[in-house]
1. Using the Cβ atoms and a cut-off under 12 Å, what net charge is assigned to the surroundings of L514, where Lys and Arg are +1 and Asp and Glu are -1?
2. Given a 1.4 Å probe, how much area per residue of the chain is accessible, in Å²?
3. About the Cα centre of the range 213-348, what is the dipole size in debye to 20, counting +1 per Lys and Arg Cβ and -1 per Asp and Glu Cβ, all else neutral?
4. Based on alpha-carbon atoms only, what is the radius of gyration of the range 45-116 relative to the globular estimate 2.2 N^0.38 Å?
5. Relative contact order for the range 275-371 using alpha-carbon pairs under 8 Å, separation at least 6, rounded to a whole percent?
6. Thinking of the range 500-559 as a set of Cα atoms, what percent of all their pairs are more than 17 Å apart?
7. Could you tally the net charge around A91, taking each other residue with its Cβ under 13 Å from the Cβ of A91, Lys/Arg +1 and Asp/Glu -1?
8. So, by mean Cβ neighbours within 10 angstrom, what's the order for 13-24, 512-523, 491-502 with the highest one leading?
Amino acid sequence: MSTCKERSEVDDAYKWDLSLLYLTRDEFEADFDGVKAKLPTIKQFQGKLGDPSGEPLARLFALMNELLRQTDKLSVYAGSMLDQDTRDDAARELKDRVSSLRVALGAELSWVAPEVLAIADDALARIKDAEVMKPYKRQLEMILHDKPHTLGPAEEHVLALANDALRCAEQTFGALNNADMKFPTVKGADGASDVELTHASYGVLLRAPDRSVRRGAFEALYDTYDKVKNTLVALIDGVVRAHVFRARARRYNSALEAALDADCVPVGVYTSLVGAMHESLGAFYRYVQLRRQRLGVDGPLDMYDHHVPIVPDYNPSVPYGEAQEWVREAVRPLGAEYGDLLEQALAPGARWIDVYETRGKRSGAYSSGCYDSAPYVLLNYAGTLNDAFTLAHELGHSMHRQLSKKQPYQYSQYRIFVAEIASTVNECLLAQCLMRKARAAGDRAMQVHLLNQMCDDFRTTAFRQTMFAEFEMLIHDRVWKGEALTLKALCDMYYDLNATYFGPDVVADRRIALEWARIPHFYYNFYVYKYATSLCVAYHVAERIGQGDQDMVRRYIDFLSAGCSRDPLDLIRDHLGIDLTKTDYIRTAVGRFAQNVDDLAALLRSGKPLPGSWKLASGEVEYRDGFPVAEMIDEQGNRQRRYVMFGGYGHFEQAIRDMPLFDRIGGNVVQFEIG
């Protein structure tokens, strides 16, 4: 029987080295005590921030940034110690202490925003223009941005003190889901041996060709969650009520508006994503139908049928070393600077990456770090192709973190809204790299598998995460209106959404209604929509980079290096040329997905490898499911009606400058005059 190893059984080369942060516990305690000792010094600036010279405010910002920077380092260490073994009580104590220290720091700083906002306009104007305030200009602008939602000093102090208590539901879910949840033994992927069901092995088992294996894992997992369903209802209710409380206390119109305002993102970006995906479900339904046909399922699909490759006899094992080489090759188009940073992460002995699943380790994968640490990566690598893509994804986050260090500390903390673009571009570049290899080798099976993977990635990242986003919106609206989040209400809402998004070729086991109970992102306060928007942006960026557009490479590296020096939507628009207040970028990405579905279907029918690049054969364009389709011609002269991908520019002069590029890569310029 296959079992999960203890951490001590794994070679140190595959475990991260947290001694790069603190060599000894004494070093940690010294930094902890140092921050704690400086907290009272913050009050020396109270009542002085209106000084027109800007000197007191600049000195306060310098002290604040110093303390936040030190606390970040403490947090990364304590959090990583706990995540490598969530059963470790000593690590949990460290993390709780650092969390309490953050709350204390927030409480000591709680008077700052109210005092800044009370400064007279003439004095504030002089402060903003003061030479000493230049390094902190954007920090001041962000305080002014929050003015409509900033309370008085006493109220801000109370809210800061409440932060620890308001995180209890999230922390309890993490302990239950990662440490205390015990799953049974189930049939392994070979249908004969027994394996221990874990978060990581569940993903592997859902890819098993034997449907009875998939069904067994699915039923065992959800039957385990069913045993604690009432506890899980209380936890999700607790976290939603915490979000609603904060939003109401700060005078927002909804919990959604409050969450998005932290990134300066209007609610319309969120709701238009949901609307655009609903309009595009026809393209997804066609993929589900193709999946049902290829799997040969008698009747509709179930929810455990969406992860297995639709060519079940091709299931490549990808050793960790090979995945590293793939990622190196995939990101080579990003240039020497990016490549050198990646080598630092992958170098033997660097030990930035915690590779394999071990007992008690946090499930899933993430990149974590701070201004003064390596950008650590947590994986639960199981040797699948999907794990290779996860490595590329998390290293995208880590390289973003490293490049953002070009900014001073206060502007290096990039917003989560842009973070997923960096990770998803890496996944897209890896897909391009592997497809080139498969085409060069005439490897039809690999091409089919990659197209299947790309279609599945869009399913999970765009359609499914948007479904999650809609569920989050519904449950928060329900609590905002004073309605209860009961087990029946949660499960009915989730099951109905699932039916809408997956369409008529799926009739799901009722157990899927409890899926909300195992999704940690529902505790992150409207996080998941960023996966969907980022994927759609990343499709555009990666396609341009893959076509050899060096201008996009330069702009993309500048984007990754910008940190939080500007608002997220401004960074995306000005560096990457995409306006997220419109839905064109979503429709273009869905069009690419639809083309991948068509390519996959054609390849499965013909048995021949796919050709290379396509050009427009005529200017006649029709629309299929709302997306442009035209006759295209490939390098061998083959003609086919395919989806047409259009890239937009802010000004026609830019398109004129890019015409040589279009000619080289097979693009076409279309100008629309509006107004």
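1. Working: positive: K227, K229, K488, R510, R511, R518; negative: E219, D223, D226, D492, D509, E515.
Here the count lands on 0.
2. Numbers: 28050 Å² over 675 residues.
Value for the chain: 42 Å² per residue.
3. Values: 15 positive and 18 negative charges, 137 e Å.
Charge dipole, the range 213-348, about its Cα centre: 660 debye, nearest 20.
4. Values: Rg = 16.1 Å, N = 72, 2.2 N^0.38 = 11.2 Å.
The value comes to 1.44.
5. On the way: 21 pairs, mean separation 10.9, N = 97.
Normalised by residue count, the contact order of the range 275-371 is 11 percent.
6. Numbers: 1127 of 1770 pairs.
In whole percent, the long-distance tail amounts to 64.
7. On the way: positive: R7, R25, R87, R92, K95, R97, K361, R362; negative: D83, D85, D88, D89, E93, D96.
Result for the neighbourhood of A91: +2.
8. Values: 13-24: 15.8, 512-523: 19.7, 491-502: 17.6.
Taking the mean over residues of other Cβ atoms within 10 Å, the ranking is 512-523, 491-502, 13-24.
The values are calculated or read from the model by the stated rules, or taken from the named source; none is laboratory data. Predicted, not measured: the structure shown is a model, and the values here were computed from it. No Cβ is skipped: glycine too gets one built from the backbone with ideal geometry, and neighbour counts run over all protein chains shown. Note: areas computed on protein heavy atoms with side chains; ligands, DNA, RNA excluded. Shrake-Rupley method; radii C 1.70, N 1.55, O 1.52, S 1.80 Å.
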